[in-house]
Structure formats: structure tokens, C-alpha cells
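The values are calculated or read from the model by the stated rules, or taken from the named source; none is laboratory data. This structure is a prediction, so every number in the text was calculated from the model and none was measured. For neighbour counting, all protein chains shown are included, and Cβ atoms are generated from backbone atoms with ideal geometry for every residue, glycine included. When the accessible area is computed, the model is the full protein with side chains, heavy atoms only, and any ligands, DNA or RNA have been set aside. Shrake-Rupley method; radii C 1.70, N 1.55, O 1.52, S 1.80 Å.
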Amino acid sequence: MKTTLSIIKADIGAIGGHLCPSKAVLERVRQYVAAKSKGLVIDSYTTYTGDDIAILMSHQRGANNPEIHSLAWEAFRQGTEVAKGEGLYGAGQDLLKDSFSGNIRGLGPAVAELEFEERPNEPFLLFAADKTEPGAYNLPLYLGFADPMYCPGLMLSPSMAKGFQFIIMDVNYTEGDKVIELNAPEDLYNLAALLRDNHRFVVESIHSRATGEPCVACSTTRLHNIAGKYVGKDDPVMLVRTQAQFPATGEVIAPFALAHYVAGDCRGSHNVALMPVKHASPVAYFDGPALVSCLSFCVHNGKLTEAVDVFDHPFWDLIRQKASEKTLEIRRQGFSGRAMVGIEELEYGGITERLEHLESQFSIRKPPTAKSKR
Ligand code: F6R
Ligand code: MG
Ligand code: MG
């Protein structure tokens, strides 16, 4: 029987603006999942990063299972009632539809699911990011699964020698799932050409080419495609199986030491360094910085071990320092150039409205006449 890991996350309200959920909201979600799990979920773990609550569930019902999705949806609805009662900011923010219709995709919450035959030892990582977009994982995944500069296992381990297949989604397409399958290493330049554009092309999943097994699943939700307007950044979650025929945990997390620039932060409209943070970190600077947490587990017969907080180590203090410096440096230039995202990615309509208004005040200057020339 295959094991499925489902991670489902939503922002259902936060303290102090968009900082972090209250203890009572988190507890309500946790209790609801625990109370309704019997016969459905083998194990679960509920946590938060920034203002997003993530529910991890292990079960045997496969991906896109209505009962599993409904459980998460109902837990978020219950949490929203507590958030409303406490007067939290943005209560129920990511629950964009009124009713559940069999699958939580397209209703607001973000989902990533991996279904697999358990290995005797099954380590995996759960990433949760806040104040950024799904494409924030593009570069770390490219480096961790396709570049021997970061992933020596591609050279050293015979079980990884065939490389990995990337499935990439064009998230601007809203009529359905528009995806492409590319193989590393043959398609490296095509991969790079797509993955450079974090706003539009997003890694949805990665599979071993040796065995066909899935090893990465990322959420690809674009909230503004669902709501038709800005309702917060997409704040992606990701599951990664590691070790043996997959990159080692160390190879998967190594690229996060770059603290690369991603879109997000205040009003979802800036470019800042992605900071690897400790588990359950709130938001701190400029409605950010864009942050990512990583918990590691093993799963055995569907049972989860305790979680280990990967970025809670002195090594990552240095990276946090670097990320702060990179973010402060680009923030020094305020609205200018690359400090903000391009016009097509701006959250909030204010600048577009201004530009439309100013358009009527522009005039086309006439070229000088021959008479005025000497
Ligand atoms: C939230 C975010 C924040 C908000 C900002 C204004 O994810 O990125 O920067 O955009 O705090 O929030 P509102 O529009 O709710 O007042
Ligand atoms: Mg929020
Ligand atoms: Mg958030």
C-alpha cells in the first residue's frame, strides 16, 4: 500500500497585521485535524511559518483525495472562526470560496502531495515559505537536482546518474494546468530558460529518471488568478524525499545558503533575499523578509518521527546575517528599478491607476520646424 504525504496550507488570519497566527487559532486547527483523523489520517503535524498555517498529513488515500482535502478545508474554517472571534487581521484570508467541492485546489489554500511506495528508511523535508511566490524554489531545485556544483551525488552516486525529470507549470495560464516535462541533464539550458522566470514558470514536481519515483512536490497556487485581485503572496509549501536514489538532505538544503533574491516582502511587490529561518518564525522586517523554514522527518508505515528543525543551527545564523545585509542593501534604493517587481507583477492596483491617470497628461512634442533650424 502506498503512503501519501499531503501538505495543505493557508493564511487564515494573523496578529499585528500579517505576522503570525495566534496560539488559539493554531490550536483549533491542530485539534480539529487530530479529532477527525480516525480511520483517515495515519499521522499529522500542524505548524506555521509567518502568517501561514500548514497541515501535514500522512495517509493511504492518494493525492487529491476529497476526504483529506475536506478535512484540511474544515480545519481552516474552524480556525477562521477563532480568528474572527479574536479579531485577527485578515481572518479567513485564503479561503476564497464559500463552499468545498471535492478538491481544495482552486479554493485558496496551497497544496503539495507525494504518493510513493515507502522505502525501508524514508527521510523527507517539509519547506514552508512566507511573503514570497512559488517560483522562489526554482533556483534551489535546479541547483539541488541538476547541478553537480551543488549536488555532488549527480557525479558520485550511480543511482542518481540518470538525472531527474522536472515538471514545470506555466502559472499564468488559467484555463487549466499547462505543464512541460524536461529532463536533466539533457535539457539543462531549456530548464534554465524557463526557471529564470520565477513569476511564470514554477517547478511542480521532480521525479527520478532511474525509477520514475516522485521526490519533489511544490504548491503552484496563484492566489490572484483565483480571486481576480491581490489577496496576499502565494507563500509556497514543498515536500522533498531525500537520500539514497535522491539528493541527500545536505544537497537539497545547500542552495538555500545563497539567500537568493526573490519577489515578495512588503505588499508582495519587492525583491529581497530569501532568509532560511527557524521553525515557527514570525514576520519581522518590512512585512518580511521573504522567509523559508525547513523541517525534516522520517515516515515509517505512515507514522512520522519527531521533526528536526533544519535551519536551527549556528551555520544558518551566518546566512541569516547575509540575507539581512542583502535585503537592507537593495531596500536602500526604495522604489527604484530592481528593488521593486515589474509592473505586471505588482500587487495592489495603485501604480497602474496612477499611470492610467497620468497618460492623459502626456503630450507628444512636435519636432523642431526647418525655420527654427540654422
Ligand atoms: C501580506 C503582505 C503585507 C501586506 C501589507 C498591507 O502578505 O505582503 O505586506 O500587503 O501589510 O496589508 P493590507 O493591504 O492587508 O493592509
Ligand atoms: Mg496574511
Ligand atoms: Mg503569508
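Of the residues Ile68, Ile8, Ile12, which single one is touching a residue at least 60 places away in the same chain (Cβ under 8 Å), part of a loop (DSSP other than H, G, I, E, B) and among the β-branched types (Val, Ile, Thr)?
Details: Ile68 fails: part of a loop (DSSP other than H, G, I, E, B); Ile8 fails: part of a loop (DSSP other than H, G, I, E, B).
Residue meeting the stated conditions: Ile12.
If you take the residues in region 1-19 that are surrounded by fewer than 23 Cβ atoms within 10 Å (Cβ to Cβ) and either modelled with pLDDT of 95 or more or within 16 Å of ligand 1 (Cβ to nearest atom) (or both), which one is farthest from the chain's Cα centre (by Cα)?
For region 1-19, the residue satisfying everything is Lys2.
Restricting attention to strands (runs of 3 or more DSSP E) lying wholly within region 121-216, give those where 1 or more residues are surrounded by 22 or more Cβ atoms within 10 Å (Cβ to Cβ).
Result: 123-130, 164-170, 201-208.
Is there any pair with a first residue in region 135-155 that is touching a residue at least 24 places away in the same chain (Cβ under 8 Å) and closer than 14 Å to Ala248 by Cα and a second that is buried (at least 24 other Cβ atoms within 10 Å of the Cβ) and β-branched (Val, Ile, Thr) whose Cβ atoms are under 7 Å apart and which are 6 or more apart or on different chains, and what are they?
Listed pairs, sorted by first residue: Leu141/Val203; Leu141/Ile206; Leu141/Val216; Gly144/Val252; Phe145/Ile206.
If you go through region 223-238 one residue at a time, how many are in a loop (DSSP other than H, G, I, E, B) and away from ligand 2 (no atom under 16 Å from the Cβ)?
1
Okay, residues lined up against (1) hydroxyl-bearing (Ser, Thr, Tyr); (2) in contact (Cβ under 8 Å) with a residue 60 or more places away in the chain; (3) open to solvent by less than 20 Å² (accessible area, probe 1.4 Å); (4) within 16 Å of ligand 3 (Cβ to nearest atom):
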site: Asn271; (1), (2), (3), (4): no, yes, no, no
site: Asp287; (1), (2), (3), (4): no, yes, no, yes
site: Ala290; (1), (2), (3), (4): no, yes, yes, yes
site: Trp316; (1), (2), (3), (4): no, no, yes, no
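Suppose the filter is open to solvent by 30 Å² or more (accessible area, probe 1.4 Å), over 13 Å from Ser219 (Cβ atoms), within 16 Å of ligand 3 (Cβ to nearest atom) and modelled with pLDDT of 95 or more; does Ala91 pass it? Talk me through it step by step, then tell me what you get.
Working: open to solvent by 30 Å² or more (accessible area, probe 1.4 Å): yes; over 13 Å from Ser219 (Cβ atoms): yes; within 16 Å of ligand 3 (Cβ to nearest atom): yes; modelled with pLDDT of 95 or more: yes.
Answer is yes for this residue.
Say we look at region 217-241 and pick out the residues that are open to solvent by less than 40 Å² (accessible area, probe 1.4 Å) and hydroxyl-bearing (Ser, Thr, Tyr); which of these is nearest to ligand 1 (Cβ to nearest atom)?
Looking at residues that are open to solvent by less than 40 Å² (accessible area, probe 1.4 Å) and hydroxyl-bearing (Ser, Thr, Tyr), I get Thr221.
Quick one: in region 20-53, of everything that is more than 28 Å from Gly264 (Cα to Cα) and among the hydrophobic types (A, V, I, L, M, F, W, C), which residue is nearest to ligand 1 (Cβ to nearest atom)?
Val33
Search region 1-30 for residues being touching a Pro at 6+ places or on another chain (Cβ under 9 Å), among the hydrophobic types (A, V, I, L, M, F, W, C) and more than 14 Å from Asn65 (Cβ to Cβ), and hand back the single one that is farthest from ligand 2 (Cβ to nearest atom). Steps first, please.
Of all residues in region 1-30, those touching a Pro at 6+ places or on another chain (Cβ under 9 Å) come to 8-16, 19-20, 29.
When the remaining residues are screened for being among the hydrophobic types (A, V, I, L, M, F, W, C), the result is 8, 10, 12, 14-15, 19-20, 29.
Then keep just the ones that are more than 14 Å from Asn65 (Cβ to Cβ); that gives 10, 12, 14-15, 19-20, 29.
Working: Ala10: 10, Ile12: 9, Ala14: 5, Ile15: 11, Leu19: 9, Cys20: 10, Val29: 15 Å.
Checking each candidate, the answer is Val29.
Are there any pairs with C-beta distances below 6 angstrom linking a residue in region 346-368 that is within 22 Å of Asn271 (Cα to Cα) and at pLDDT below 95 to a residue that is open to solvent by less than 100 Å² (accessible area, probe 1.4 Å) and part of a loop (DSSP other than H, G, I, E, B), with the two at least 6 apart or on different chains, and if so which?
Sorted first by the residue in region 346-368, then by its partner, the pairs are Leu346/Ser269; Glu347/Tyr230; Glu347/Ser269; Tyr348/Tyr230.
Restricting region 31-43 to residues that are surrounded by 15 or more Cβ atoms within 10 Å (Cβ to Cβ) and free of Cβ contacts under 8 Å to residues at least 40 places away in the same chain, which is farthest from ligand 3 (Cβ to nearest atom)?
Leu40
Is there a residue being assigned to a strand (DSSP E or B) and within 16 Å of ligand 3 (Cβ to nearest atom) anywhere in region 239-260?
So far as region 239-260 goes, no, none of its residues is assigned to a strand (DSSP E or B) and within 16 Å of ligand 3 (Cβ to nearest atom).
Identify all residues within region 31-76 that are charged (D, E, K, R) and away from ligand 2 (no atom under 16 Å from the Cβ); write none if there are none.
Lys36, Lys38, Asp43, Arg61, Glu67, Glu74
Tell me yes or no: at least one residue of region 106-114 is more than 22 Å from Ala307 (Cβ to Cβ) and open to solvent by 30 Å² or more (accessible area, probe 1.4 Å).
yes
Within region 54-63, identify whether any single residue is within 16 Å of ligand 1 (Cβ to nearest atom) and either over 21 Å from Gly232 (Cα atoms) or touching a residue at least 24 places away in the same chain (Cβ under 8 Å) (or both), and answer yes or no.
There is at least one residue in region 54-63 that is within 16 Å of ligand 1 (Cβ to nearest atom) and either over 21 Å from Gly232 (Cα atoms) or touching a residue at least 24 places away in the same chain (Cβ under 8 Å) (or both).
Collect the residues in region 83-120 that are more than 16 Å from ligand 2 (Cβ to nearest atom) and either in contact with a Cys (Cβ under 8 Å, 6 or more places away or on another chain) or not in a loop (DSSP other than H, G, I, E, B) (or both), keeping them in residue-number order. First the steps, then the outcome.
First, the residues of region 83-120 that are more than 16 Å from ligand 2 (Cβ to nearest atom): 85, 97-107, 111-120.
If the condition is that a residue be more than 16 Å from ligand 2 (Cβ to nearest atom) and either in contact with a Cys (Cβ under 8 Å, 6 or more places away or on another chain) or not in a loop (DSSP other than H, G, I, E, B) (or both), then Gly85, Val111, Ala112, Glu113, Leu114, Glu115, Phe116 are the ones that fit.
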